[in-house]
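Student: After the structure tokens below, expect a handful of questions from me.
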Amino acid sequence: MKPFLLKSILASLLVAVSALASAQVLRVSAIPDEAPTELQRKFKPLGDYLKQETGLEVQFTPVTDYAAVVEGLANEKIDLAWLGGFTFVQAKLRTQGGAQPIVQRAEDEKFTSRFIVPVASTARTLQDLKGKTFVFGSPSSTSGHLMPRFFLNQAGIRPETDFKAVAFSGAHDATVAFVASGRADAGVLNASVLDKLTEANNPNAARVRVLSVTPPYFDYNWTVRPGLDPALVKKLTAAFLKLDPAKAEHKEIMALQRASRFLPTQASNYDGIESAARAAGLIK
């Protein structure tokens, strides 16, 4: 056999083997809205469950920023991702509608953010924060930036002009640490993370109090990449919808996901978030 022909055959075999290996692994990621160790802890039981339900090896890949998840979906390096509402909108636009949300928690139909201040703060209303330092979460966070900014604007507060300084902590638990330590006079984070920190007797959570709560909005979901096998999408959707905290084998999964149940969802549920992002100038 001629050398060039042998090389061509070997190259074709390597491509085939690589494709087969990829097809046998479900690649999962999540926006880094909490510490990496916490994201890994939350995902481990769910990953084991998805392996059982799909028959695929499940590989969780943490990322350093929100944009990396969007790009991973767009470039088909990630098959399934836990996204906030705003990140989903970004993924939808980046993939020309190819990325599709499949399920959300019941809690995500009426999600809220909480504005926090140190326990000893004299602030009693959002208006009292004018002239103070303020910290958001990640710039791409729905509950740690976009929707709180939208509601601040509705209250007549423009962060860049009405606050003394604006910072971004990068994650919800980090926002609590900022405010608890006095690095910021106030901040905002998603209600679920604050509840979790409080329940865990986190010392930072004990040093802050809730000043105000936003109106509800749609938030998190599990989204699949463009072109994922429809049969696999159907399996994944069914697996999430089967989860029931009343069943002993599902209790830990649902507790870590802070979910009472999962519901089917659709892209149109996040139209309000897209409108808010456009109004805030965060997408064009």
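The values are calculated or read from the model by the stated rules, or taken from the named source; none is laboratory data. Since this is a predicted model, take the numbers as computed values, not measurements. Ideal geometry is used to build each Cβ from the backbone, glycine not excepted, and the neighbour counts take in all protein chains shown.
Student: If I filter the range 98-106 for residues that are charged (D, E, K, R), surrounded by 22 or more Cβ atoms within 10 Å (Cβ to Cβ), touching a residue at least 24 places away in the same chain (Cβ under 8 Å) and part of a strand (DSSP E or B), do I get at least one hit?
Tutor: yes
Student: Provide a single number: the residues in the range 25-78 that are farther than 27 Å from Asp244 by Cα, in a loop (DSSP other than H, G, I, E, B) and not charged (D, E, K, R).
Tutor: Total satisfying the criteria: 3.
Student: Checking the structure you have, find out if any residue of the range 128-149 is among the aliphatic types (A, V, I, L, M), under 20 Å from Val89 (Cβ atoms) and surrounded by 23 or more Cβ atoms within 10 Å (Cβ to Cβ).
Tutor: Yes; the residues of the range 128-149 include at least one that is among the aliphatic types (A, V, I, L, M), under 20 Å from Val89 (Cβ atoms) and surrounded by 23 or more Cβ atoms within 10 Å (Cβ to Cβ).
Student: Can you name the condition, by its number, that Leu56 falls short on among (1) within 30 Å of Glu249 (Cα to Cα); (2) assigned by TED's automatic domain parsing to the domain that holds Val179?
Tutor: (2)
Student: Follow-up question, since we're still on this one. Tell me, which residue of the range 164-218 that is in a helix (DSSP H, G or I) and among the basic types (Lys, Arg) is surrounded by the most Cβ atoms within 10 Å (Cβ to Cβ)?
Tutor: Checked the range 164-218; the qualifying residue surrounded by the most Cβ atoms within 10 Å (Cβ to Cβ) is Lys196.
Student: Scan the range 42-70 residue by residue and report those that are within 21 Å of Gly85 (Cα to Cα), surrounded by fewer than 16 Cβ atoms within 10 Å (Cβ to Cβ) and charged (D, E, K, R).
Tutor: Asp65
Student: Would the range 238-253 turn up any residue that is in contact with a Ser or Thr (Cβ under 8 Å, 6 or more places away or on another chain), assigned by TED's automatic domain parsing to the domain that holds Leu39, crowded, with 21+ Cβ neighbours inside 10 Å and not in a strand (DSSP E or B)?
Tutor: No, because not a single residue in the range 238-253 is in contact with a Ser or Thr (Cβ under 8 Å, 6 or more places away or on another chain), assigned by TED's automatic domain parsing to the domain that holds Leu39, crowded, with 21+ Cβ neighbours inside 10 Å and not in a strand (DSSP E or B).
Student: Looking at the range 64-76, can you tell me whether even one residue there is aromatic (Phe, Trp, Tyr), closer than 30 Å to Phe178 by Cβ and modelled with pLDDT under 95?
Tutor: yes
Student: In the range 113-130, which residues are in a loop (DSSP other than H, G, I, E, B), farther than 23 Å from Gly281 by Cβ and either touching a Leu at 6+ places or on another chain (Cβ under 9 Å) or of a type outside the set (A, V, I, L, M, F, W, C) (or both)?
Tutor: The answer is Ser121, Thr122, Ala123, Arg124, Thr125.
Student: Quick check on Ala165: is it small (Gly, Ala, Ser) and under 24 Å from Ala35 (Cα atoms)?
Tutor: no
Student: Evaluate the range 132-148: report whether one residue or more is over 29 Å from Gln257 (Cβ atoms) and part of a loop (DSSP other than H, G, I, E, B).
Tutor: Yes, that holds for at least one residue.
Student: Can I ask one more? Test Ala238 against the stated conditions and say whether it is of a type in the set (A, V, I, L, M) and over 17 Å from Ala81 (Cα atoms).
Tutor: No: the conditions fail for Ala238.
Student: Could you please give the count of residues in the range 268-279 that are of a type outside the set (Asp, Glu) and buried (at least 17 other Cβ atoms within 10 Å of the Cβ)?
Tutor: Looking only at that region, the number is 5.
Student: Look through the range 1-56, keep the residues that are of a type in the set (Ser, Thr, Tyr) and over 24 Å from the mean Cα position of the chain (by Cα), and return whichever of them is modelled with the highest pLDDT.
Tutor: Out of the qualifying residues, it is Ser8.
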